Amino acid sequence: MISAFDRFGRVAYSGMGLLRLLVLCTLAACCMARSPPAPPLPQRPLPLLHPLGCNDSEVLAVAGFALQNINRDQKDGYMLSLNRVHDVREHYQEDMGSLFYLTLDVLETDCHFLLSRKAQKGCKPRMSYESVYGQCKAMFHINKPRRVLYLPAYNCTLRPVSKRKTHTTCPDCPSPIDLSNPSALEAATESLAKFNSKSPSKKYELVKVTKAMNQWVSGPAYYVEYLIKEAPCTKSQASCSLQHSDSEPVGICQGSTVQSSLRHVPLIQPVEKSVTVTCEFFESQAQVPGDENPAVTQGPQKLPQKNTTPTSSPSVTAPRGSIQHLPELDDEKPEESKGGSPEEAFPVQLDLTTNPQGDTLDVSFLYLEPGDKKLVVLPFPGKEQRSTECPGPEKENNPLVLPP
Ligand SMILES: *[C@@H]1O[C@H](CO)[C@@H](O)[C@H](O)[C@H]1NC(C)=O
Ligand SMILES: *[C@@H]1O[C@H](CO)[C@@H](O)[C@H](O)[C@H]1NC(C)=O
């Protein structure tokens, strides 16, 4: 072919073409060979991140897997659900499959992470006035032929919905209060006392308040959620010195206290107070056969002996990440003083590397076969060059719970 060209008069032209072809091949070879950038070459092209549509079914599946893994990694708090995919890039790597860079807009659900997987099927985002929302960034590795799904790293930032803004649409709605508010603690204590008074054998103690709201009904009303643990002694035991104090939480309760008082009458005598309580006990994964509703309102018959959530065995597979809780946006100084873009309203930092060429992450432990398996990890991509199909459609049609 080449010699045929050489013999004729198009040498210069085809030579140029060939040169360009060669350059392209070299570039392509560079891009394809995802080997670690051992001696950094100055003119190396940057590895390519492909923007994907945020409503693609595959992307939604990947986002679902990633969030599942984030939830599974929690040691405290409530499960998150996906509101929308904000941004997604794919880095395809020869022989290794893909590493996805996901930015997810999330909502807190009403399910505590300690609830069984089965119970978590029914997790719903909280009502708008009690919403906690935010953003997660996650890296997720998928190698379909090898059936590998792995979350190397994530970070999330959450905030409660703005009280002032929900107040304009729902002035009478309950509003969140500080978990350390003495009235919240009192409401939890009173509702737990009611639970204990109806519990036939076991007694429970408060571990901590996990959610607290107040509202004015006919008087002040408090709504709380709190974790409970077994009290060291049963009621029938008159004296008991067994004090294993740091037992694990065994359940979560929702309680409320509503005072009915006349607004203008000073509270000279104790006002009437109605107290409610509902507790749900955590179950170990094993013992749920046929039990449709693990919620027990009063007097639990069976309790889990241990409530250990299944931990994925080797700690080396545990992702690096955490969920950061920030105060509601209105609590902070207005933007001018911060001088930042609205993007910084939910600052989420996720960088395993700052090297634009990328670094390698050893994931050999995910693969059964011998030999090193390395993923190239890049700095987390910014907004530039994201797909026009991002962010995707949101599930909760409420602008107050969407990060900017
Ligand atoms: C996650 O965020 C925290 C700050 O909130 C930061 O210190 C940490 O480095 C971040 N993790 C990664 C992997 O970037
Ligand atoms: C997202 O995808 C679903 C199904 O593929 C489609 O029905 C829906 O209209 C899409 N939404 C948007 C905003 O593109």
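A few comments on the model shown:
- Total residues in the range 263-287, condition at pLDDT below 60 and open to solvent by 30 Å² or more (accessible area, probe 1.4 Å): 11
- Of residues in the range 377-392 being open to solvent by 80 Å² or more (accessible area, probe 1.4 Å) and not β-branched (Val, Ile, Thr), the one modelled with the highest pLDDT: Glu389
- The range 373-404, residues that are assigned to a loop (DSSP other than H, G, I, E, B), within 16 Å of ligand 1 (Cβ to nearest atom) and more than 19 Å from Thr166 (Cα to Cα): Leu378, Pro379, Phe380, Pro381, Gly382
- In this structure, Ala193 does not satisfy being surrounded by 21 or more Cβ atoms within 10 Å (Cβ to Cβ) and part of a helix (DSSP H, G or I).
- Among residues of the range 64-78, those that are open to solvent by 80 Å² or more (accessible area, probe 1.4 Å) and polar (S, T, N, Q), counted: 1
- Within the range 129-174, the set of residues being modelled with pLDDT of 90 or more and hydroxyl-bearing (Ser, Thr, Tyr) comprises Ser131, Tyr133, Tyr150, Tyr154, Thr157.
The values are calculated or read from the model by the stated rules, or taken from the named source; none is laboratory data. All values derive from a computational prediction rather than experimental measurement. We place every Cβ from the backbone using ideal geometry, glycine too, and count neighbours over all the protein chains shown. What goes into the accessible areas is simple: the full protein's heavy atoms, side chains included, and nothing from ligands, DNA or RNA. Shrake-Rupley method; radii C 1.70, N 1.55, O 1.52, S 1.80 Å.
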